[in-house]
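Derivation of every value follows stated rules applied to the coordinates shown; laboratory data play no part. Source: prediction; values computed, not measured. When we count neighbours, we look across all protein chains shown, and the Cβ atoms used for this are built from the backbone with ideal geometry, even at glycine.
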Amino acid sequence: MDKTDIARLQQLDAEHHLHPFNDNAALAKKGTRILTKGEGAYVWDADGNKLLDAFAGLWCVNLGYGRSELGEAASKQMTQLAYYNSFFQCTVEPTIELSAKLAELTPADLNHAFFTNSGSEANDTILRLVRHFWAVQDKPQKNIFIGRHNGYHGTTMAGASLGGMAGMHKQGGLPIPDIHHIDPPFWFADGGDLSPEEYGLVAARRLEQKILELGPDRVAAFIGEPIMGAIGVYIPPMTYWPEIERICRRYDVLLVADEVICGFGRTGEWFGSQYFGITPDVMTLAKGITSGYIPLGAAMFNDRVAGVLKHQGGELAHGCTYSGHPVCTAVALENIRILQQEGIVDRARTEIAPYLAERWAELGEHRLVGEARIAGMVGALELVPHKGRRAFFEERGKVGVLCRDNALRNGLILRATYDSMLLSPPLIWTRAQVDELFEKAWKALDETAAAL
Ligand SMILES: *Cc1c(COP(=O)(O)O)cnc(C)c1O
């Protein structure tokens, strides 16, 4: 694109497009970056810069860019039957096939899918249907959801309320009633002198305290991301989730795993729940379900929950026009077919993730990095003022943005949350791309350290 085209688009964008999660006035002044092409591990911007996308778009392009099979699956379905609903005793073929495929892929007896357009809507669905599940069993007062401070479950009224982002709660009068939060497991900041394993148990037992404080007969469900993404990739100690599961079982509180980031291979397992060895009752799916090629979300319910909803729930007064949209479910099926047939998740776990972990640990030796955490294909570098001390910069977020901008200038996309540099690459990376990440990230760290 030539300079005048870019300037024209930037101006129109500044005048007419409100960007999500942006200071729109500041962005309009700076001018937005326009992306024009993607191929494998790389994207190109309108200026022609080739960028290694170490963030998979927004945690979602698990398959990498430019897989024409997904476009062909969409085109075929659009031509044959672009749309039909699942409301009036009908549905469409790819949506049935995808329901069965998800039942097979997800662990244990998570066998029942409800489709939405996004992860946020899937969490809204879960809030409503889980409350309904308890209500039709004569427990309407068992309606409280417990989430975690700084958790992220999307941006709808329920999604943002289940999440624990203070900045989001400030806008629009959130959280909605009967949603409570406990502190998240973040050993780096919060672990004190405990070993990570000891701390994992302490952090999990906050759930038990909260359930007892509210009363077990009031608590419907606990919701958490197996690995907390948006806040900065908090990877809990391995002791955390099994203890959470034990507590949920003890008080008959449903366990909801929000797998929107962790699902579809992000940790090297198909689902984060498998990485941590737990069996949730309900799962939230989105993002990697289509590798981001088209919007789709799903709530997966186990036999117990779905059985009550089916046999005691009456008519489900819930649904989206596009629940189970045939084009979206056809693309999801094709995405999953490729992930399976090409063994992409297995290869990520056995070949790429171990090498990535090795090189990520090397980045951890940089004088600016206080901790390099990683699980499979998701990780973070915690930038700190004093190496060797688990403490943050006084003004949080400035150094992270500086490092992100330095990386970008070197042709590498890393996201920054506060001063954590976040990693979540497409699963199709090779060793060459891991090496490229290392070179470019090290250079960005050097440049950032020099500027301080
Ligand atoms: C992105 C995300 C969501 C929300 O999904 P949307 O499709 O953006 O609505 C929910 N939960 C987690 C863990 C996410 O990362």
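List the lysines whose Cα sits under 26 Å from the Cα of K139, skipping any in the same chain fewer than 8 residues away.
In chain and number order, the partners are K210, K310.
Using only helices, what value at 222 nm comes out for the chain when you add -39,500 (n - 2.57) per DSSP H run of length 4 or more and divide by the total residues, to the nearest 500 deg cm²/dmol?
-12500 deg cm²/dmol
Note down, for the range 335-425, the three equivalent ellipsoid semi-axes (square root of 5 times each alpha carbon gyration tensor eigenvalue), biggest first, whole angstrom.
Listed largest to smallest, the semi-axes of the range 335-425 are 29, 15, 10 Å.
Taking a ≥ b ≥ c as the square roots of the eigenvalues of the Cα gyration tensor of the range 267-334, is the shape rounded (a/c under 1.5), prolate (a/b larger than b/c) or oblate?
Taking the square roots of the gyration eigenvalues as a ≥ b ≥ c, the range 267-334 is oblate.
Can you classify the range 69-341 as rounded, prolate or oblate using the Cα gyration tensor, where a ≥ b ≥ c are the square roots of its eigenvalues, rounded means a/c under 1.5, and otherwise it's prolate if a/b beats b/c and oblate if not?
Prolate, since a/c reaches 1.5 and a/b exceeds b/c.
Could you order the peptides 292-300, 6-14, 183-191 from most to least packed, using the average number of other C-beta atoms within 10 Å per residue?
Ranked from most to least packed, the peptides come out as 292-300, 183-191, 6-14.
Quick one: check the C-alpha center-to-center distance for the range 187-218 versus the range 46-84, whole angstrom.
After rounding, the separation between the Cα centres reads 40 Å.
Quick one: if the Förster radius is 56 Å, what FRET efficiency do A450 and R218 give, using the C-beta to C-beta distance and rounding to 0.05?
0.55
How far, in nm, would the chain grow between R250 and S68 when pulled straight, counting 0.36 nm per residue and subtracting the alpha carbon separation?
60.7 nm
So if each residue of separation counts as 0.36 nm, and I subtract the Cα-Cα distance between Q341 and L9, what length gain in nm does that give?
That works out to 115.5 nm of additional length.
Using a 7 Å offset from Cα along Cα-Cβ at D23, what residues in the range 135-171 end up with backbone N under 17 Å from the label point?
167-168
Just subtract the alpha-carbon distance of A432 and L201 from 0.36 nm times their residue separation and send over the number in nm, one decimal.
That works out to 79.3 nm of additional length.
GluC sites (Glu not before Pro) within the range 362-402: which are DSSP loop residues with at most 11 other Cβ atoms inside 10 Å?
E365, E394, E395
Identify, among F88, T448, T36, the residue whose Cα sits farthest towards the positive end of the charge dipole of the chain, taking +1 on the Cβ of Lys and Arg and -1 on the Cβ of Asp and Glu, with the dipole about the Cα centre.
T448
I'd like the FRET efficiency for Y355 and R409, computed as 1/(1 + (r/R0)^6) with the beta carbon distance as r and R0 of 30 Å, rounded to 0.05.
The pair Y355/R409 has a calculated efficiency of 0.70.
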